[in-house]
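Report on the structure given below.
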Amino acid sequence: MSAADRADAEVRARLEALRERIRHHDHRYYVLDDPEIADRDYDALFDELAALEAAHPDLVTPDSPTQRVGGAPRGEFASVRHEQPMLSLDKCTSLTELEEWAARCRKLLGADAVLRYTCEPKIDGVAVTLRYAARRLVLAATRGDGETGEDITANVRTIRAVPLVLDARDVPDLLEVRGEIYMALAEFEAFNQRARTEGRKMLVNPRNGAAGSLRQLDPRQTAERPLTMFCYGIGRVEGAWQPATQTEVLARLRDWGFRVNPETRLAEDLKACEGYLDDLLARRATLGYAIDGAVIKVDAFDQQQRLGAVTRKPRWAMAYKYPAEEATTRVNAVEFQVGRTGAITPVARLDPVFVGGVTVSNATLHNMDEIARLDLRVGDTVLVRRAGDVIPQIMAVSTALRPADARPVEFPTRCPACGAPIVRGENEVVARCSAGPLACPAQLKEGLRHFASRLALDIEGLGDKLIEQLVDRGLVREPADLFRLRAETLAELDRMGAKSAARLVAALERSRTTTFARFIYALGIREVGEATAQALAQHFGTLDALRAATPEQLEQVPDVGPVVAGQVSGYFQDPERQRAIDDLLAVGVIWPAAEATSAGGPLAGETWVLTGTLEAMPRDDARARLRQLGAKVADSVSRNTTRVVAGPGAGSKLERARALGVPVLDEAELLALFAAHGLT
């Protein structure tokens, strides 16, 4: 072999090795949510492959990982006829209807038939089919009308959760895999936030975002969209493999490298299906992706074949629909609310509409820029979305249904609560009341709600209605006034008796003793959340030191940048706020010396995030113990996060952690960590 031939062989071998390693890591990251290497190490492999292919363009293969970025734009989508139809599903919305479906199945199969079911979330995305020939992806198509779809192969190739080559040796010669392409909610929100910042068009909802992304004529546009896929079945198969059940299909697809929904369950009877439906609905808001129900399928394929299909719908499957998270309604008015920091927020008053399991009559509009983006007018028909406990939002306006008398929204020039001029700072989206937080009753009320909240001074019994009365009657003009209240005065208020008044006075007395971090958080400084308050308390140790800190000194605190430093410095330079703080100290609000994070602790330099419900201890206790071990406890997951502790109900933070490859612990592992360091 000549030197040139040896060099060529070495290049080919290195290319194949790089491709195999990158495919392996893509599978670990995008399918299993369990990466083995850091992002920079992955990037180094990818960059080496790209450079080597650039130097040897004749050796580039269509299934190389570098080809996922998308090729040249195409003029149109070709039609694809499905060799095995992609059926749609019958739908039901009650357990009675589900039981009637199961009874029909038993009647058709015979009284002695034993039915088992697979239960899986019904992803609110786009149904597609993937065709693999000789283990390589050769076609991807939409469902279309079930008989004919569109060829979207070039776009689907950009989705890293979709394998381009199947490494397993037992894959049939021809395999069609069916599934749903969708956007994770955290990625959808992040995409829209970037689009909002850059002045680009935002996506209406995750489903439309996924559908629009797959129909981009330029695959490079699709490559920029955060798409992924769950696979749930098969179409045409050529080969010896003849699966007996849906459960077997899902297990084999998982083995072959496809992403299969971990929420899929095998149910032994219909009662187990009903339990699954209740459990999934309860956790709907925490899944990290949009679902509109669940799909119940007869598990055994021989029973499916005997049941057959009617009018393109299989008798052996049923879609159980949950309450819609989106609905259309009419905007009757737009009013303006004043927040704790003086922010003026427009709120749409709507014709009541049932969405997300509740009746919605209000929806936030964020700011005037959002109103302009939506081109919203009073009288418009709008699409409203409410997912889980998320505040209802207006996602889009139907301008085609706009009435002739629709009115533009006029932003006020003066605060609707106190009449002070409304101002908007340079480079700020939010407009604010120019009055101080103690001069504007709306700001004062919101500030008191924050001051009394669980993570602040945690004043039990001081609810919204009571705060309204205290401010409106002039009994409380600043937070310190709360501690001057007497039981006799409180007992005269609406819905307050002697016992309730005594309990509130006792709660106020207990709340006088707090922690430095809680006190900082309770002040309601703009941009200062719980984690930043904790960091400030640990760094400065005393109120005097914090009050005297310059912006430059404040920026020495971890994760405090110029914006936060400016807000904190400005707050403590404000005479009105200084007086309010002095009054709080005068009425006896105290705290012990701040407990500094152990700089030399075993978790020093690490950043932890808690999400979901902790069942063995309050979350505040878990945070305190992590800090004792030297860790910083943050509110959000980022690439700087070291560990995430996820309990029941963990949602987008858990999804984000998995997407970034951040290790996730459960509560038992956290307790074991504490015990190992003597923190029981």
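Using +1 on the beta carbon of Lys and Arg, -1 on that of Asp and Glu, and nothing else charged, what's the dipole of segment 90-321 about the Cα centre, debye to 20? All intermediate terms of the calculation are to be shown ahead of the outcome.
On the way: 36 positive and 33 negative charges, 112 e Å.
It comes to approximately 540 debye.
Helix 246-255 against the longest principal axis of the chain: what's the angle in degrees, Cα atoms only, rounded to the nearest 10?
Helix 246-255 sits at roughly 80 degrees to that axis.
So how do 219-230, 268-279, 668-679 stack up, highest first, on mean other-Cβ count within 10 Å?
Values: 219-230: 20.3, 268-279: 15.8, 668-679: 13.6.
Put in order of decreasing packing, that is 219-230, 268-279, 668-679.
Write out the cysteines belonging to the chain for which the nearest other cysteine Cβ is not under 4.7 Å, or none if no such cysteine exists.
CYS92, CYS105, CYS119, CYS231, CYS273
Take the alpha-carbon positions of segment 115-203, form their convex hull, and give its projected area averaged over all directions (one quarter of the hull surface) in nm².
Numbers: hull surface 34.6 nm².
Mean projected area of the Cα convex hull: 8.7 nm².
Using the crude model of +1 on Lys and Arg Cβ and -1 on Asp and Glu Cβ, and no other charge, please compute the dipole size for the chain relative to its Cα centre, in debye to 20. Write down the numbers at each step before the final one.
Values: 87 positive and 97 negative charges, 217 e Å.
So the magnitude is around 1040 debye.
Where does each of 412-418, 455-461 land if you order them by average Cβ count within 10 Å, highest first? The partial results should precede the final answer.
On the way: 412-418: 16.1, 455-461: 18.7.
Answer by packing, highest mean first, reads 455-461, 412-418.
Could you rank the peptides 51-57, 481-487, 154-160 by their average count of other C-beta atoms within 10 Å per residue, with the highest value first? Before the final figure, lay out each step's value.
Values: 51-57: 12.3, 481-487: 16.6, 154-160: 23.4.
Order by mean packing, descending: 154-160, 481-487, 51-57.
To the nearest 10 degrees, how steeply does helix 185-198 sit against the main Cα axis of the chain, on a 0 to 90 scale?
The helix 185-198 is inclined about 70 degrees to the chain.
Calculated from the structure, semi-axes √(5λ) of the Cα gyration tensor in Å equals which of (i) 77, 34, 22; (ii) 51, 32, 27; (iii) 55, 40, 18?
(ii)
Positive end of the dipole of the chain, charges at C-beta (+1 Lys, Arg; -1 Asp, Glu), about the Cα centre: which of GLY212, THR264, PRO314 has its Cα farthest in that direction?
The Cα lying farthest towards the positive end belongs to PRO314.
How many angstrom lie between the C-alpha centres of segment 439-481 and segment 205-243?
51
Find which of SER94, THR515, TYR289 sits farthest along the positive direction of the dipole of the chain, computed with +1 on the beta-carbon of Lys and Arg, -1 on that of Asp and Glu, about the Cα centre.
Result: SER94, furthest along the dipole toward the positive end.
With 10 Å bins from zero, work out the P(r) of segment 264-405 over every alpha carbon pair and list the percent per bin.
10, 30, 24, 18, 13, 5, 0
What does the convex hull of the Cα atoms come to per residue for segment 90-321, in Å³?
Working: hull volume 29.5 nm³, N = 232.
Considering the Cα atoms of segment 90-321, their hull volume per residue is 127 Å³.
Give or take rounding to whole Å, what are the principal axis extents of the alpha carbon atoms in segment 516-586, in descending order?
If we take the Cα atoms of segment 516-586, the spans are 31, 20, 19 Å.
Would you please state the base-10 log of I(q)/I(0) at q = 0.18 1/Å for segment 441-511, with intensities from the Debye formula using one equal scatterer on every alpha carbon?
Treating every Cα as an identical point scatterer, log10 I(q)/I(0) equals -0.60.
How long are the semi-axes of the equivalent ellipsoid of segment 568-675, taking √(5λ) for every eigenvalue λ of the Cα gyration tensor, in whole Å from largest down?
Values: eigenvalues 206, 58, 43 Å².
They are 32, 17, 15 Å, listed from largest to smallest.
Just to be sure I follow the rule: in the chain, considering lysines 8 or more places apart or on different chains, how many pairs have Cα atoms under 21 Å apart?
Going through the chain pair by pair, I get 21.
How are the Cα pair distances of segment 470-568 distributed, in percent, across 10 Å bins from 0?
14, 36, 22, 20, 8, 0
Please give the residues of segment 360-379, grouped as numeric ranges, whose backbone N is less than 12 Å from a label point set 7 Å along the Cα-to-Cβ vector of THR399.
373-377
Rg to Rh ratio, segment 326-408, alpha-carbon atoms and Kirkwood radius? Can you show the working numbers first?
Details: Rg = 12.3 Å, Rh = 12.9 Å.
Ratio of gyration radius to Kirkwood radius for segment 326-408: 0.96.
Run a plain Debye calculation on segment 180-239 (Cα atoms as equal point scatterers, no solvent) and give log10 I(q)/I(0) at q = 0.15 Å⁻¹, rounded to two decimals, same order as the q list.
Evaluating at q = 0.15 Å⁻¹ gives log10 I(q)/I(0) of -0.49.
Treating only the Cβ of Lys, Arg, Asp and Glu as charged (+1, +1, -1, -1), what charge dipole size does segment 157-217 show about its Cα centre? Round to the nearest 20 debye. It would help to have the intermediate numbers written out before the result.
Values: 10 positive and 8 negative charges, 89 e Å.
Computed about the Cα centre, the dipole is about 420 debye.
Give the angle, between 0 and 90 degrees and rounded to the nearest 10, that separates the Cα long axis of helix 270-282 from the longest principal axis of the Cα atoms of the chain.
So the inclination is approximately 40 degrees.
Readers should treat all values here as calculations from the given coordinates under stated rules, not as data from a laboratory. Since the structure is predicted, the reported quantities are computational estimates derived from the model, not experimental observations. No Cβ is skipped: glycine too gets one built from the backbone with ideal geometry, and neighbour counts run over all protein chains shown.
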